2 protein chains.
Amino acid sequence: MTHQCALLSAVMKKRYCDDVKVGDRFKSEPLRVTEKKLIEFAHKFDPQMFHLSRKSAARTVFKGLIASGWHTAALTMRLFVQTLSFAKGAIGLGVDKLRWPNAVRPGDVLTVETKILGVRLSRSRPRYAIIRLRNVTTNQSGEVVQTMLASAMVRRRLRLRPVTTGRKGTGRVVRGSTRYERMSHSKRTGRKTSP
Amino acid sequence: MTHQCALLSAVMKKRYCDDVKVGDRFKSEPLRVTEKKLIEFAHKFDPQMFHLSRKSAARTVFKGLIASGWHTAALTMRLFVQTLSFAKGAIGLGVDKLRWPNAVRPGDVLTVETKILGVRLSRSRPRYAIIRLRNVTTNQSGEVVQTMLASAMVRRRLRLRPVTTGRKGTGRVVRGSTRYERMSHSKRTGRKTSP
């Protein structure tokens, strides 16, 4: 099942930072949280009574099983990765304002909406840009179960420009040719590449 | 293994918010991240090439397998839960400044240090307090692989006081007796219970 997801992700059209802009929104496919997987995650990573079994959870303030917030966060990552499908991946730099306003219960069906808040070039890695985004995870009733702001490093589509050699007929762009050097975005537009 | 952890956690002395104070530090036991578990987590939650296999990861900017940041976060939660072991659990309210300054590689051994930054009473749930904490996760070389600030709701130790009935000999404190009512911390100290 999970291998299928990775495979599906691999054959889907890959995105570069150039393919997203501020204000763009992406909605994931739905994903069901089973009781079995909720409990399995808790035993591995968050062994607290409201996550571990129906019986122990019934005696807590939640009056029943709820998913670990870190399980919701991990499922959100999976839906985000499948939906945005960045070429060479999205390298997480940091997360802020991670909140769980409502509990996730067994059987809940989650979807993630991603909104692009910012895109800027990386100062240290010219092949990459930093995207700033907001992920909102909702259940089948439209209740928000998680919100977060995140920054991730994603690849830029590399553009090539001809190298001036002084010889005629060398100006055409041929991908992969050693005659062409990579253009940095800052050189092309004079746009600020930092911070 | 994970069941053992939950069991160990259950038989350990449980803490209440009253047992921690600002400035307290707690250090977890070490936990080894195996390649198998790193890859298993990635297939389920973060199917990107730098997490999925040695071969695919070798071609990335990381030049080898690294753990998903969400895997590091989940392992940090496990170590935190085992170390602090709050009675009735620690209910996560939110996380800020979650950062991954160095990658986690297969075979790395992680420990978590928790520092208590604040303890205040819950306005909406008098049986609970909100603790503010910082978790720093380091590898076997002392490199920081994750930092975060978090807020969690934890139980207060309920103190009982005698109910004045006007009858002689009813003033002794007996746990569990219906003759005694719960004292709220705010009543005892006049301390501000909000926000």
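The values are calculated or read from the model by the stated rules, or taken from the named source; none is laboratory data. Note that this is a predicted model, so its numbers are computed, not measured. All Cβ positions, even for glycine, are placed from backbone atoms using ideal geometry, and neighbour counts span all protein chains on display.
Summary table
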{"item": "Close pairs from region A:43-54: first facing chain B (nearest Cβ under 7 Å), partner in a loop (DSSP other than H, G, I, E, B) and surrounded by fewer than 24 Cβ atoms within 10 Å (Cβ to Cβ), Cβ under 8 Å, at least 6 apart", "result": "A:M49/A:R59; A:M49/A:T60; A:M49/B:K88; A:F50/A:T60; A:F50/A:V61; A:F50/A:F62"}
{"item": "Number of positions in region A:54-75 that are closer than 19 Å to B:A74 by Cα and either of a type outside the set (F, W, Y) or surrounded by fewer than 19 Cβ atoms within 10 Å (Cβ to Cβ) (or both)", "result": "10"}
{"item": "Region A:68-89, residues that are in a helix (DSSP H, G or I) and farther than 10 Å from B:D46 by Cβ", "result": "A:G69, A:W70, A:H71, A:T72, A:A73, A:L75, A:T76, A:L79, A:Q82, A:T83, A:L84"}
{"item": "Residues within region A:20-42 that are without any contact (Cβ under 8 Å) to a residue 60 or more places away in the chain and closer than 25 Å to A:G89 by Cα, tallied", "result": "1"}
{"item": "Selection from region B:1-44 of residues that are part of a loop (DSSP other than H, G, I, E, B), modelled with pLDDT of 95 or more and farther than 19 Å from B:R157 by Cα", "result": "B:G23, B:S28, B:E29, B:P30, B:V33, B:T34"}
{"item": "So B:V112, is it under 12 Å from the mean Cα position of the chain (by Cα) and either more than 9 Å from chain A (Cβ to nearest Cβ) or in a helix (DSSP H, G or I) (or both)", "result": "yes"}
{"item": "Any chance B:H71 is under 30 Å from B:V119 (Cα atoms), modelled with pLDDT of 95 or more and not hydrophobic (A, V, I, L, M, F, W, C)", "result": "yes"}
{"item": "Any chance A:F41 is crowded, with 18+ Cβ neighbours inside 10 Å and over 20 Å from A:G142 (Cβ atoms)", "result": "yes"}
{"item": "A:R78 being modelled with pLDDT under 95 and either buried (at least 19 other Cβ atoms within 10 Å of the Cβ) or more than 8 Å from chain B (Cβ to nearest Cβ) (or both)", "result": "no"}
{"item": "Within region A:59-70, tally of residues that are touching a residue at least 12 places away in the same chain (Cβ under 8 Å) and more than 8 Å from every other protein chain (Cβ to nearest Cβ)", "result": "5"}
{"item": "Criterion (closer than 27 Å to A:M153 by Cβ, β-branched (V, I, T), at pLDDT below 95 and in contact with a strand residue (DSSP E or B) (Cβ under 9 Å, 6 or more places away or on another chain)) met by exactly one of B:V61, B:V145, B:V136", "result": "B:V61"}
{"item": "Residues of region B:81-105 satisfying the condition of being more than 25 Å from A:K63 (Cα to Cα), more than 7 Å from chain A (Cβ to nearest Cβ) and surrounded by fewer than 18 Cβ atoms within 10 Å (Cβ to Cβ)", "result": "B:P101, B:N102, B:R105"}
{"item": "Qualifying residue in region B:122-133 (condition: more than 18 Å from B:D96 (Cα to Cα), surrounded by fewer than 17 Cβ atoms within 10 Å (Cβ to Cβ) and either modelled with pLDDT of 95 or more or β-branched (V, I, T) (or both))", "result": "no"}
